[in-house]
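One structure below.
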Amino acid sequence: MDKFEIEGGVVLNGSVEASGSKNASLPILFASILSAKKIILERVPQLKDIQTSIELIKGLGAEISKESNNRYSICAERLQSIEAPYDLVRTMRASILLLAPILAREGKARVSLPGGCSIGSRPVDIHLKALEQMGVKIEIASGYVNASVEGKIKGADIGFRFPSVGATEQIIMAGTLAEGETTIRNAAREPEIVDLANFLNSLGAKIEGAGSDCIKIKGVSSLEGGSYSIMFDRIEAGTILLAGAITGGKVRVEKIVPNDLLEFLSEAKKSGVKVIEGNDWIEFEGKGSSTVSITTAPHPGFATDLQAQMMSFLCEVPGTSTIVENIFENRFMHVPELVRLGADISISGSTAQIRGKNNTFSGATVMATDLRASAALVLAGLVAKGTTSVRRIYHLDRGYESLEAKISLLGGKISRQRE
Ligand code: EPZ
């Protein structure tokens, strides 16, 4: 396993470009098999989760080849399998999103239940209940979801009890080739959902309202081929901007639409960071100076995927800040590790109280526990006195494309080593 060795205390300065979005790439890769024609995807980030998705798609019998570092061609003319096996699904729970595309093409699907992960139990009840409303028969047996539908999936008027991102993507895909019209009420509004809808519409789908809480999909008989460039990764961008701000530097991330991070930028401004917004770039300058109170929420609220990174940043802001994590039940795994680095954080239920001060962190060996927690530990290491060793960074490799190269480009002292 690999670890990062980080020399703290270096001020980061400069500009980097964001990579393609992990959370847009995954649903778009799976949605590609809704078409039987050739599809070219640009800006697919090189990530562990992308490799897992490619193995899953290959396992179904689709042809997929890597044309360059970030470009793939996919052709699902015929599928030879309807199964997404446990040994792949258990490493990436987003695999549950394969249910609808396989069903839409083959009329049946067998996808392993994803199981929980370190940040929560991650149920899929909203996905399954909605699919049943679309005429899909669902049976759970031996840890698999066995789904089947007589003829085509049927369009339906569906109301979500919670605006689940994955369930919204699942039902957009289920509705794309369905009979009739599907409406999703209380839909998630994340920008990655808009990207999925834009991708499918570029192939001939008829999806309206993505980005709002009411999405309408008119089923079509088939999709064309085509090529599509995936949106940039707003969570990676937020992470790198905080890497600059925590060290007191001036860092710009190119190719990011400020509108996709409005609540995050608003809280950064409240904390005293100088935020400059361009059309397709964002710049942070200087450390925070004022405490803030943050609550994570579905988009356009504060993104839960930036919560851990924000917590590291607030550990270096004098005074008591609070973070309420409303989306996942166990997304404070980074707290004990930050405390090992010198943070003063107490948790009560879903609320973390961060008693920040200048020079909070001192280098130590810490353990990554999940994707965004590992990013939070890297940020702390960048400003800690001395050396910080972040172990098990395979968690980080799931969601960040060459993070250490980007941090080094900004002047940070970080290297990848064998544990
Ligand atoms: C997506 O996960 C993202 N993953 C997550 O990013 C992100 O944190 C999350 O959306 C929220 O923004 C991808 O896009 C691949 P949800 P997803 O369904 O779809 C509960 C990262 O770090 N829920 O909106 O799983 C669920 O347990 C990852 O990049 C149900 O109860 O998120 C959770 O508490 C982590 N039943 C909440 O809703 C369901 O059927 C949000 O889940 C579905 C979800």
In the stretch 234-271, residue nearest to A380 (Cα to Cα) [restricted to those that are in contact with a Gly (Cβ under 7 Å, 6 or more places away or on another chain) and open to solvent by 10 Å² or more (accessible area, probe 1.4 Å)]: G248
query: Restricting the search to the stretch 245-269, which residues are assigned to a helix (DSSP H, G or I) and under 19 Å from the mean Cα position of the chain (by Cα)?
result: P258, N259, D260, L261, L262, E263, F264, L265
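Considering only the stretch 15-134, give the strands (runs of 3 or more DSSP E) lying wholly within it that have at least 2 residues that are of a type outside the set (F, W, Y), open to solvent by 20 Å² or more (accessible area, probe 1.4 Å) and over 15 Å from S229 (Cα atoms). Even if it seems obvious, please write down each step before you answer.
Details: elements: 38-42, 63-68, 71-75, 108-112.
Those strands (runs of 3 or more DSSP E) span 63-68, 108-112.
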message: If G272 satisfies all but one of (1) assigned to a helix (DSSP H, G or I); (2) under 24 Å from E316 (Cα atoms); (3) not acidic (D, E), what's the number of the condition it fails?
response: (1)
message: Against the conditions (1) more than 19 Å from I407 (Cα to Cα); (2) in contact with a Gly (Cβ under 8 Å, 6 or more places away or on another chain); (3) within 16 Å of the ligand (Cβ to nearest atom), where does K274 fall short? Just the number, please.
response: (3)
message: What are the pairs with Cβ atoms under 6 angstrom where one residue, in the stretch 327-348, is more than 19 Å from S121 (Cα to Cα) and the other, located anywhere, is in a loop (DSSP other than H, G, I, E, B) and of a type outside the set (A, V, I, L, M)? Sequence gap at least six, or different chains.
response: L341/F361; G342/T360; G342/F361; A343/T360; I347/F332
statement: Note on the stretch 16-63: residues free of Cβ contacts under 8 Å to residues at least 24 places away in the same chain and more than 16 Å from the ligand (Cβ to nearest atom) are K58, G61, E63
statement: Within the stretch 119-178, of all residues that are free of Cβ contacts under 8 Å to residues at least 12 places away in the same chain and more than 16 Å from the ligand (Cβ to nearest atom), the one nearest to G107 (Cα to Cα) is E139
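Of all residues in the stretch 318-368 being of a type in the set (K, R) and open to solvent by 60 Å² or more (accessible area, probe 1.4 Å), which is farthest from S164 (Cα to Cα)?
Residues of the stretch 318-368 that are of a type in the set (K, R), as a first pass: 331, 340, 355, 357.
Now narrow it down to the ones that are open to solvent by 60 Å² or more (accessible area, probe 1.4 Å): 340, 355, 357.
Values: R340: 34, R355: 32, K357: 36 Å.
Once the filter is applied, the top-ranked residue is K357.
Name every residue in the stretch 293-317 that is open to solvent by less than 10 Å² (accessible area, probe 1.4 Å), touching a residue at least 40 places away in the same chain (Cβ under 8 Å) and among the hydrophobic types (A, V, I, L, M, F, W, C), in order of residue number. If you could, list the steps in order and put the result at the bottom.
First, pick out the residues of the stretch 293-317 that are open to solvent by less than 10 Å² (accessible area, probe 1.4 Å): 294, 296, 302, 306-317.
Applying the additional criterion that residues be touching a residue at least 40 places away in the same chain (Cβ under 8 Å) yields 306-317.
Within the stretch 293-317, L306, A308, M310, M311, F313, L314, C315, V317 meet the criteria.
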message: All but one of (1) within 27 Å of R372 (Cα to Cα); (2) at pLDDT 95 or above hold for N69; state the number of the condition that does not hold.
response: (2)
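The values are calculated or read from the model by the stated rules, or taken from the named source; none is laboratory data. As the structure is a prediction and not an experimental result, all values here were calculated from the model. Don't worry about glycine lacking a Cβ; one is built from the backbone with ideal geometry, like all the others, and counts go over all protein chains shown. To get the accessible areas, we keep the full protein, side chains included, count just its heavy atoms, and leave off ligands, DNA and RNA. Shrake-Rupley method; radii C 1.70, N 1.55, O 1.52, S 1.80 Å.
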